[in-house]
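For reference, the structure is listed below as structure tokens.
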Amino acid sequence: MQSPCIREASEACFHGCCPALPEPHNATRPTPKPMSSATASRHDFVTATALTLHPNTEFTDHESLPSLEQSFSNLNIAYPQYSTSNQADHIRAQEYYHLSSSNHVCLDYIGNGLFSYSQQQNHCSSAPVASSSSSPPPPPPTPHSDALNAPFFNILYKSITLSSHIRHGGQESEFESTIRKRIMRFMNISEDDYSMVFTANLSSAFRTLADSYPFRSNRNLLSVYDYEDEAVKAMKDSSKKKDARIMSADFSWPSMRIHSRKLRKMVVQKKKKRKRGLFVFPLQSKVTGSRYSYLWMSLAQEHGWHVLLDASALGAKDMDTLGLSLFRPDFLICSFFKIFGENPSGFGCLFVKKSSASVLNSSNTSAGVVSLVAARPYEALELSGGTYLETKRLTLSSAFKKDDKILPSSSYSSTSAQQRNEEPFEVEEIQVRGKQKDLSSSEIVELDKPLKCTQYANNEPTGGTSSEIELRGLDNADSLGLILISSRVRYLVNWLVNALMSLQHPHSENGFPLVRIYGPKIKFDRGPAVAFNVFDWKGEKIDPTLVQKLADRNNISLSYGILQHIWFSDMHYKGRERFLENRATEQGVLVSKTREKFDSSISVITAAVGFLTSFEDVYRLWAFVSRFLDADFVEKERWRYMALNQRTVEV
């Protein structure tokens, strides 16, 4: 089922990755087949990656790591083409200088940012230009009154069915239309073929489709995820209410590749009934970085499935490789957040192929469909005399329907930046404080005068117009292009994998490595995410949530994930307990412990590399993880924070 290039890469035995099997006595060695150019290039890449840590290949002490400068020099020697991606460093220095000024490493994002940090600070035109990637970043600008022009938006919930919205459309402001068209252009999706719907977040997009999909007649829901996903869970919960049959692909241990035989059996089936259901397919895992073949979509469509492509795990410009003319899913979902490294909130996007829209039910109203409206200046206005207005929910008196609600797309804590954009928004009230004796009092504010949609959309009070909207986050990615971005990410993520695997516990009788990687390791066409765990010198896993907390204390943002649907072959089945974490069902008892239904999982740390990630970012993660080579590192961290008089020390 894999494409030829992926199959060649997986079948090639790279330098040092496979031990040589003993040959029978007097055996005649077969003449090796010449490698194809694709296989040869992948072989050369893996060999070059092994040299990025030259001359050492193992490190047993965090103090023995080469310096940042020496490591960067080794990287450029091993990957001469890496320097061609310097333009990404220039963009980061000019428009995302907060990452350097705050010394913040963001490795918990996969997706696309709409705006740049310089836009938020209203300094796009005056931000200093760095002369090279090694130049110090410009200082962040001083906030001023023009910050009210920050290019942000609010979302307006709409009481409308997805089917009605797709077939008949609705009132769309110029502001919303401009953003929609820009996103479709960025996603390389034609307006002639697909309709696009804004949703509150990623979970809302999955739930909205599930609410409208006819699971009672197309009963099956088959998903391909090697990790627990909150958005997909929202879809499953909705489909269960319609008596859908939930199925999931399995993934072979330890490579975490799709168990092709089992998935093909579920997709093809032997029944002649053509209405199979919904096949939910990501092109890659946002946790392990495993990539999957496009041909699964084609196989599913050939056997009567509707296909939902989850593009939320794809990096910037990855849609340019999709080729919708060949693989045209019935539905596609993605999400956009506001600013990389600063504000992870945003919205979801649901694309529906126009020729497939008729399958959607017209009777189910979904709460996830939203409109975008430009942020009003009074939502952050500071008035004299100690008064201010904090917007949390706004009910318009006559401009919109009574049950329409405007919510700001504000951020909130979660286990990762990506998940903040997947969870439902909180609903709070407008609070008017200041000229009241009781500052804690609040009330719903009704506007005395109706607001015209065009005025609201064009953001007239601040002088801006929708024609002036700049989505510089998307512009940044477009200016770099697919080839440069994919090459840069490939170099950085493979360097990181190689560096993490080079850490070895000292004086370990069994040779325990510090880090275990789950899924693909050094591989030419692996995805940008790395799933791993840290182990102590006894070989016991250190709690991933602890690693995440300690990383956060060192200003490094990582994600936390749970691998699932793991299938063990006869070779690995007996030793599975060393890796798995048994999980209880809702009734508090384990699901059948038979080989096929063992309900287990693996909690992991995930680091994601994007086009705005720098080499210093991945180096700092490597240096941080190497600290666990010190057996007392965790305890030292505990005492260090107690010495700072912190009341609670969660380690």
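Read-outs throughout are calculated quantities, based only on the coordinates presented, and are distinct from any laboratory measurement. Here the structure is a predicted model, which is why all the values come from computation and not from measurement. Here Cβ is always computed from backbone atoms with ideal geometry, including for glycine, and neighbour counts include all displayed protein chains.
Name all residues of region 273-299 having a backbone nitrogen under 11 Å from the label point set 7 Å from the Cα of S217 along its Cα→Cβ direction, giving them as ranges.
275
How would you rank M235, M256, M319, M196, going from fewest to most other Cβ atoms within 10 Å of each one's own Cβ?
So the ranking, lowest neighbour count to highest, is M196, M319, M256, M235.
Which FRET efficiency, nearest 0.05, do D192 and D44 yield, Cβ-Cβ r, R0 51 Å?
The formula returns an efficiency of 0.75 here.
Stretch R185-K549 to full length: gain in nm at 0.36 nm per residue minus the Cα-Cα span?
Computed gain between R185 and K549 is 127.2 nm.
Name the long-range amide H neighbours of T199: under 5 Å, sequence gap of 5 or more, or other chain; modelled H, no Pro or chain starts.
HN-HN under 5 Å from T199: G348, C349, L350, V370.
How large is ³J(HN,Hα) for each residue in region 475-491, as worked out from phi by the Karplus curve 6.51 cos²θ - 1.76 cosθ + 1.60 (θ = phi - 60°), to whole Hz, x for Gly and Pro?
4, 4, 5, 4, 5, 7, x, 4, 4, 5, 5, 5, 5, 4, 4, 4, 5
Say each of E228 and S362 gets a label point 7 Å from the Cα, pointing the same way as Cα to Cβ; how far apart are those two points in nm?
About 4.1 nm separates the two model spin labels.
In what sequence do T52, T199, T84, T606 fall when counting other Cβ within 10 Å, fewest first?
T84, T52, T199, T606
May I ask for the net charge around L308, where only other residues with Cβ less than 15 Å from the Cβ of L308 are counted and Lys, Arg are +1 while Asp, Glu are -1? Let's see the in-between values first.
Values: positive: R207, K233, K236, R276, R328, K353; negative: D211, D229, D310, D330.
Combined, the nearby Lys, Arg, Asp and Glu give +2.
What FRET efficiency would be calculated for the residue pair Q87, K240, taking the C-beta separation as r and a Förster radius of 51 Å, to the nearest 0.05?
FRET efficiency, Q87 to K240: 0.60.
Can you flag which of K541/K636; K233/K521; K262/K353; K241/K275; K233/K538 are past 24 Å Cα-Cα?
Exceeds cut-off: K233/K521; K262/K353; K233/K538.
Note down the nm distance, to one decimal, between modelled labels 7 Å out along Cα→Cβ at H507 and at R264.
Going from the H507 label point to the R264 one covers 5.3 nm.
Give me S100, S362 ranked fewest to most by other Cβ atoms within 10 Å of their Cβ, as a rough exposure proxy.
The order, fewest Cβ neighbours first, is S362, S100.
Taking the Cα centroid of region 152-190 and of region 236-306, what is the distance between the two, rounded to the nearest whole Å?
Using only Cα atoms, the two centres lie 29 Å from each other.
Tally Lys/Arg at +1 and Asp/Glu at -1 over every other residue whose Cβ is under 9 Å from the Cβ of S559; what's the total? The partial results should precede the final answer.
Values: positive: K286; negative: D108.
Around S559, the surrounding residues sum to 0.
Determine the gain in length on full extension of the stretch D320-H54; use 0.36 nm per residue of separation and subtract their C-alpha separation, reporting nm with one decimal.
Numbers: separation 266, 0.36 × 266 = 95.76 nm, distance 3.53 nm.
Roughly 92.2 nm would be gained on extension.
I'd like the Karplus ³J(HN,Hα) series for region 216-226: coefficients 6.51, -1.76, 1.60, θ = phi - 60°, whole numbers in Hz, and an x wherever there's a Gly or Pro.
So the Karplus estimates, Gly and Pro as x, are 6, 9, 10, 6, 7, 10, 10, 10, 10, 9, 8 Hz.
Taking the Cβ of Y82 as the centre, find all other residues whose Cβ is under 11 Å away and add up their charges (Lys, Arg: +1; Asp, Glu: -1).
+1
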